[in-house]
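Chemist: Take this structure first; my questions come after.
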There are 2 protein chains.
Amino acid sequence: MENFDFYNPVNILFGKGKIAEINKHISKDAKILMTYGGGSIKKNGVYDQVVDALKGYEIIEFGGIEPNPHFETLMKAVEIVKSEKIDFLLAVGGGSVLDGTKFIAAATYFEGDAWDILAKRAPITKAVELGAVLTLAATGSEMNNGGVVTKAATKEKKAFGNPLLFPKFSVLDPETTYSLPKRQVTNGIVDAYVHVMEQYLTYPVNSPVQDRFAEGILLTLLEEGPKALASDTPDYENRANLMWAATMALNGLIGMGVKSDWATHMIGHELTAFHGIDHAVTLAIVLPGLLTQLKEKRSEKLLQYAERVWNITEGSDEEKKALAIDKTEAFFNQVGIKTRLSEHNVGQDSIDVIASRFEERGFVGMLPDVEVKDVAEILVSRL
Amino acid sequence: MENFDFYNPVNILFGKGKIAEINKHISKDAKILMTYGGGSIKKNGVYDQVVDALKGYEIIEFGGIEPNPHFETLMKAVEIVKSEKIDFLLAVGGGSVLDGTKFIAAATYFEGDAWDILAKRAPITKAVELGAVLTLAATGSEMNNGGVVTKAATKEKKAFGNPLLFPKFSVLDPETTYSLPKRQVTNGIVDAYVHVMEQYLTYPVNSPVQDRFAEGILLTLLEEGPKALASDTPDYENRANLMWAATMALNGLIGMGVKSDWATHMIGHELTAFHGIDHAVTLAIVLPGLLTQLKEKRSEKLLQYAERVWNITEGSDEEKKALAIDKTEAFFNQVGIKTRLSEHNVGQDSIDVIASRFEERGFVGMLPDVEVKDVAEILVSRL
């Protein structure tokens with residue numbers, strides 16, 4: 001196991017009815033900016049629950065944060081935070097609203113061009129306090145300090161993070177996910193699954209606790225994911241387990257002391273930036289290609305994954321690894337995701353553009369085993 | 001899954017050499033009380049590492065915190081904290097030193113008889129800031145806000161806890177455990193194991209993530225525990241995995257949303273209070289008796305435990321459950337613990353005294369399935 005620092009002060013309020021408790025965690029004299037997305041929270045009752053819980057507070061609203069939140073949109077919110085002297089940001093939504101709100105929190109006090117927070121990883125030294133009411137189990141943003149923001153003008157999608165950006169609290173009420181369209185439930189399941197894989201399916205470092213936690217989340221997603229999609233009537237326990245699994249997938253814990261990758265995300269981000277493909281869908285497209293490319297280098301962890309997650313115990317090592325990758329892709333297909341680039345009208349021309357972007361950047365993920373030259377090969381294998 | 005709140009702001013500094021970083025986490029002008037136990041830290045180099053890291057700080061020492069720390073001892077430290085105007089408590093040691101230091105932190109600002117913190121669960125409203133350098137993987141105190149303190153005069157052992165008592169940071173350097181006697185390594189393994197069992201082996205509430213995390217910790221302890229004891233030369237990875245497993249066993253996470261028990265601890269505490277038996281040994285004595293007593297009521301979780309932790313897949317349900325309990329006790333024996341009361345010179349007369357104490361108290365653990373009248377029966381089965 002490698003040395004690590006772990007710190008996660010997010011107060012998780014989990015379960016039905018917990019939105020009512022948010023006023024215990026926000027200073028009584030705070031002026032609140034409530035951020036949200038396309039307005040579904042006004043139809044499913046979540047907005048009303050939040051407003052009820054915040055009676056007596058002064059609240060300003062900022063809706064319209066889009067999926068893959070745009071830098072341009074968020075900077076409008078920053079202006080409101082400054083001009084209205086906002087003390088607290090309350091994000092009500094899924095990962096995009098939460099990520100975007102973290103960026104607003106950081107950009108408000110940033111001196112200079114706030115795009116540098118993303119483009120140059122410029123240091124964040126102060127941030128507006130924030131909290132979250134999660135309505136979609138997927139990104140883990142509710143219990144970490146990072147986010148991803150897209151500049152619409154240049155089609156650049158970039159990550160940022162800082163300990164000042166941990167939500168002070170996050171409400172995880174599984175009932176808020178009942179009204180989600182199936183596509184978003186599917187995306188959440190796959191997003192969480194690949195978050196785990198980025199931290200788990202790399203190289204052994206003798207980390208049995210982290211490995212078993214990761215496998216436990218994967219197995220839960222494999223069991224609970226299809227259940228959520230099989231029925232038109234949401235089941236509380238099922239949604240609760242998906243929600244907790246997704247949060248645990250990316251709150252830092254399973255990545256402690258192990259080798260993380262994130263190459264699948266880096267490549268996926270480009271597919272979203274250029275083609276607007278849903279984030280989770282890009283991960284489901286890229287991951288099988290990346291794992292196939294790394295079948296020899298990551299042999300040990302692939303075999304462990306095959307045995308412990310897929311219960312594959314027969315055949316040669318080569319067969320086991322290939323079957324585990326096939327089953328992974330089949331799971332993505334089973335929950336409704338098309339995992340081939342050609343199914344999303346992406347062709348060789350796009351692959352060339354994306355490959356050249358990585359050539360400029362000079363790296364892919366956090367491990368040296370995925371090289372810049374591999375990006376094109378991985379994407380071609382997914383046509 | 002049941003509703004829950006999860007909050008754990010402890011900054012974990014994990015790995016070799018991490019003691020050197022503690023000065024990043026203590027205010028430069030803090031006056032520090034460094035607490036420790038019998039002085040082994042002065043022989044194994046830990047004391048020197050701490051003092052090196054704290055060059056420039058004003059430090060007062062308070063040694064001599066005993067196993068099952070005494071209220072009487074800790075109140076002496078409280079006097080020093082007050083008279084010397086201490087700003088920061090640094091606990092250097094195992095669970096007893098950490099628990100004791102948390103009590104010092106709470107008792108310093110407590111008005112009235114500080115024993116009420118334990119006896120009456122009197123509210124704690126302010127505490128001295130504290131940090132920890134852990135030297136023994138066992139209790140989980142390094143990443144939770146609770147502790148257990150014993151009043152020597154009356155042989156009462158009681159628990160306390162408060163969010164103000166989370167350590168600000170805890171250093172977990174596996175190398176600090178190299179010089180431990182085997183008895184303490186064994187105790188740590190069994191303590192952590194039973195911590196997990198208290199939260200896991202109760203009733204199903206549809207919590208697959210928590211269950212698999214719990215099972216992952218148990219499996220790790222089963223694998224790594226005997227390895228630690230088989231060799232006279234400590235292995236870094238082995239000690240690292242035991243340390244992280246013990247911390248994860250009682251930092252709150254696996255207990256979220258599930259039904260926890262703690263009856264084994266409650267009964268065990270009395271054996272320690274009256275007979276001075278090591279805490280972990282009392283747990284190893286009581287648990288097999290308690291599980292046997294609850295074989296029918298906790299049937300579902302026992303069968304899950306038998307299958308997933310012990311890989312018991314054949315035989316009738318009754319046979320599976322009995323075998324899982326037998327294997328659990330055999331594991332405790334394997335790591336060197338005597339699990340019968342008669343082996344510790346405890347007889348029927350003591351059982352009578354302990355049983356009458358529970359009759360006065362009116363409850364055992366947190367679940368109604370272990371009744372006051374069961375205590376004597378469980379203990380008699382362990383003679």
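Chemist: Among B:ARG340, B:ARG212, B:ARG361, rank each residue by its count of other Cβ atoms within 10 Å, from fewest to most, as a rough exposure measure.
Modeler: Least crowded to most crowded, the residues run B:ARG361, B:ARG340, B:ARG212.
Chemist: Then there's this: Need one value for A:230-243: mean number of C-beta atoms belonging to other chains within 10 Å of its residues' C-beta atoms.
Modeler: 2
Chemist: Using all alpha carbons of chain A, what is the percent of pairwise distances in each 20 Å bin, ordered from the shortest bin to the longest?
Modeler: Result, from short to long distances: 29, 59, 12, 0 percent.
Chemist: Can you check how the C-alpha radius of gyration of the range A:129-282 compares to 2.2 N^0.38 Å, as a plain ratio?
Modeler: Compared with the compact-globule rule of thumb, the range A:129-282 sits at 1.04.
Chemist: Pairing the Cα long axis of helix B:348-361 with the longest principal axis of chain B, what angle in degrees results, from 0 to 90 and rounded to the nearest 10?
Modeler: Compared with the principal axis, the helix lies near 70 degrees.
Chemist: Could you give me the ³J(HN,Hα) list for the range A:117-125, computed from phi with Karplus coefficients 6.51, -1.76, 1.60 and θ = phi - 60°, whole Hz, x at Gly and Pro?
Modeler: Each residue's phi maps through the Karplus curve to give 4, 8, 6, 10, 6, 4, x, 9, 10 Hz.
Chemist: Expressed in nm², what is the orientationally averaged projection area of the convex hull enclosing the Cα positions of the range A:75-191?
Modeler: Mean shadow area of the hull around the Cα atoms is 7.6 nm².
Chemist: Also: Would you mind giving the mean number of other chain beta-carbons within 10 Å of the Cβ of each residue in B:9-21, as a whole number?
Modeler: Mean shielding by partner chains, rounded to a whole number: 4.
Chemist: Can you give the direction-averaged projected area of the convex hull of the alpha-carbon atoms in the protein assembly as shown, in nm²?
Modeler: 33.3 nm²
Chemist: If we hang a label 7 Å off Cα along the beta carbon direction at A:GLU319, how far is it from the matching labels on the other copies, in nm, shortest first?
Modeler: 3.2
Chemist: Something else about it: Label-point separation (nm) for B:LYS155 and A:LEU303, each offset 7 Å from Cα along Cα-to-Cβ?
Modeler: Here the answer is 5.6 nm between the modelled labels.
Chemist: Now for a different question. Find, among the GluC sites (Glu not before Pro) in the range A:96-173, those assigned to loop by DSSP (not H, G, I, E, B) with at most 13 other beta-carbon atoms within 10 angstrom.
Modeler: In loop regions of the range A:96-173 (DSSP not H, G, I, E or B), the sparsely surrounded GluC sites (Glu not before Pro) are A:GLU111.
Chemist: Collect residues whose amide H, placed 1.01 Å from N in the peptide plane, falls under 5 Å from the amide H of A:VAL133; neighbours closer than 5 in sequence don't count.
Modeler: For A:VAL133, the qualifying residues are A:ALA91, A:VAL92, A:GLY93, A:VAL171.
Chemist: Still on this structure: Copy-to-copy spacing for B:LYS373, label 7 Å out on the Cα-to-C-beta vector, in nm, shortest first?
Modeler: 7.9
Chemist: Which of B:LYS168/B:LYS301; A:LYS102/A:LYS182; A:LYS18/A:LYS43; A:LYS18/A:LYS102 have a Cα-Cα distance over 30 Å?
Modeler: Exceeds cut-off: B:LYS168/B:LYS301.
Chemist: Let me ask something else about it. So who's got an amide H within less than 5 Å of the one on B:ILE60, skipping anything under 5 residues away but keeping other chains? H placed 1.01 Å off N, in plane.
Modeler: When sequence neighbours closer than 5 places are left aside, the close amide H contacts are B:ILE32, B:LEU33, B:MET34.
Chemist: Quick one: if the Förster radius is 25 Å, what FRET efficiency do A:GLU223 and A:ASP317 give, using the C-beta to C-beta distance and rounding to 0.05?
Modeler: 0.40
Chemist: Just counting partner chain Cβ atoms within 10 Å, what average do the residues of peptide A:201-212 show around their Cβ?
Modeler: 5
Chemist: Right, next: Whole-Hz ³J(HN,Hα) for each residue in the range B:286-298, computed from phi via Karplus 6.51 cos²θ - 1.76 cosθ + 1.60 with θ = phi - 60°, x for glycine and proline: what do you get?
Modeler: Result, rounded to whole Hz: 6, 3, x, x, 5, 5, 5, 4, 9, 3, 7, 4, 9.
Chemist: Collect residues whose amide H, placed 1.01 Å from N in the peptide plane, falls under 5 Å from the amide H of A:ILE65; neighbours closer than 5 in sequence don't count.
Modeler: Under 5 Å from the amide H of A:ILE65 lie the amide H atoms of A:TYR36, A:GLY37, each far enough along the sequence or on another chain.
Chemist: What order do you get for A:SER141, A:SER83, A:SER40, A:SER179 when you list them from fewest to most C-beta neighbours inside 10 Å?
Modeler: Going from least to most buried by this count: A:SER83, A:SER179, A:SER40, A:SER141.
Chemist: Moving on to the next point. Taking 25 °C and 0.890 mPa s as the conditions, I'd like the Stokes-Einstein D for the range B:296-374 in µm²/s, using the Kirkwood hydrodynamic radius from alpha carbon pairs.
Modeler: Rounded, D is 164 µm²/s.
Chemist: Which FRET efficiency value, to the nearest 0.05, do you get for B:ASP326 and B:HIS275 by plugging their Cβ-Cβ distance into 1/(1 + (r/R0)^6) with R0 = 30 Å?
Modeler: For R0 = 30 Å, the calculated efficiency reads 0.75.
Chemist: Follow-up question, since we're still on this one. Give me the angle, in degrees from 0 to 90, between the Cα long axis of helix A:236-249 and the longest principal axis of the Cα atoms of chain A, rounded to the nearest 10.
Modeler: Between the helix axis and the principal axis of chain A, the angle is about 80 degrees.
Chemist: Also, quick follow-up: Using a Förster distance of 30 angstrom, determine the FRET efficiency expected from the C-beta separation of A:LYS16 and B:THR125, and round it to 0.05.
Modeler: Plugging the Cβ-Cβ distance into 1/(1 + (r/R0)^6) gives 0.45.
Chemist: Ranked by Cβ crowding within 10 angstrom, fewest neighbours first, how are B:MET266, B:MET366 ordered?
Modeler: If I rank by nearby Cβ atoms, fewest first, I get B:MET366, B:MET266.
Chemist: Could you name the residue in chain B with the C-beta closest to the rotation axis that superposes chain B on chain A, along with the separation in whole Å?
Modeler: Nearest-to-axis residue on chain B, with distance in whole Å, is B:PRO9, 2.
Chemist: Tilt of helix A:182-200 relative to the longest C-alpha principal axis of chain A, in degrees (0 to 90, nearest 10)?
Modeler: In chain A, helix A:182-200 runs at an angle near 60 degrees to the longest axis.
Chemist: Treat each spin label as a single point 7 Å out from the Cα along the C-beta direction, and report the A:SER356 to A:VAL380 distance in nm.
Modeler: Distance between label points: 1.7 nm.
Chemist: Subtracting the Cα-Cα distance from 0.36 nm times the residue separation, let me have the gained length for A:GLU237 to A:ASP113 in nm, one decimal.
Modeler: Answer, rounded to one decimal: 40.1 nm.
Chemist: Per 10 Å bin from zero, what fraction in whole % of the C-alpha pairs of the range A:40-96 is there, up to the bin with the longest pair?
Modeler: Pair shares across the bins are 19, 51, 30, 1.
Chemist: In nm, one decimal, shortest first: how far is the label point of B:ARG308 (7 Å from Cα along Cα to beta carbon) from the matching points in the other copies?
Modeler: 1.4
Chemist: Just to confirm the filter: which trypsin sites (Lys or Arg not before Pro) across the range A:118-152 are DSSP coil and have at most 12 other Cβ within 10 angstrom of their Cβ?
Modeler: Within the range A:118-152, the qualifying trypsin sites (Lys or Arg not before Pro) (loop, at most 12 other Cβ atoms within 10 Å) are A:LYS120, A:LYS126.
Chemist: Any chance you could get the radius of gyration and Dmax over the Cα atoms of the range A:181-380, in Å?
Modeler: Here Rg and the maximum Cα pair distance are 16.3, 48 Å.
Chemist: Can I ask one more? Quick check for you: which residues of the range B:240-269 have the amide N under 20 Å from the point 7 Å beyond the Cα of A:HIS25 toward its beta carbon?
Modeler: Hits in the range B:240-269 for A:HIS25 at 20 Å: B:251-258.
Chemist: Follow-up question, since we're still on this one. Grab the DSSP H runs of the protein assembly as shown that are 4 residues or longer, score each as -39,500 (n - 2.57), total them, divide by all residues and round the 222 nm result to the nearest 500 deg cm²/dmol.
Modeler: It lands at -14500 deg cm²/dmol.
Where a number appears in this text, it was derived from the coordinates with a stated rule and is not lab data. The structure displayed is predicted, hence computed values, not measured ones. Don't worry about glycine lacking a Cβ; one is built from the backbone with ideal geometry, like all the others, and counts go over all protein chains shown.
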